[in-house]
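Notes follow the structure.
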Amino acid sequence: VLAMLGLEAAALGECELTRLIQDKLQYEMRLQYMKHNFPIDYTLRVQYEEVLRPSNITRLRSEMVSEEALRYLWFHISSQAVLRIREVLPEKHPSWKYIQELSQLFDALGKEYSKYQQ
């Protein structure tokens, strides 16, 4: 399944990859794989700059930042969060496959974004 997902992701464009990521990040999926399988009160330390808040997006939009730049910002912050989780998650953890699939989708989206000039 993972190999097929990787092949499928390689042939998809930005919109389709984003839709697949959105499907994976639905509340039910996150609840099933992340909340129920992580220890109670377990946290990952992140810096202030690594958190994308709605107020920051509103401020950036008011400063006339392009939608493409905002999409890339979302991609960068989200992919770094998945990498952080993957670093601390043991391979035998029930959520490992879910995080691997997310990581592959973000990698494919990163390749798609690398085609654009930032």
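Every number here is computed from the coordinates shown, using simple stated rules; none is lab data. These numbers come from a predicted model, not from an experiment. Positions of Cβ are generated from backbone atoms using ideal geometry, with glycine treated the same way; all protein chains shown enter the neighbour counts.
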For LYS97, give me every one of the aspartates and glutamates with a C-alpha distance below 19 angstrom, ignoring sequence neighbours fewer than eight places off in its own chain. GLU8, ASP23, GLU28, GLU87, ASP107
If packing is taken as the average count of other Cβ atoms within 10 Å, what order do 69-76, 102-109, 58-65 fall into, highest mean first? 102-109, 69-76, 58-65
If the label point sits 7 Å along Cα→Cβ of GLU50, residues of region 85-118 with amide N under 12 Å come out as 85-88
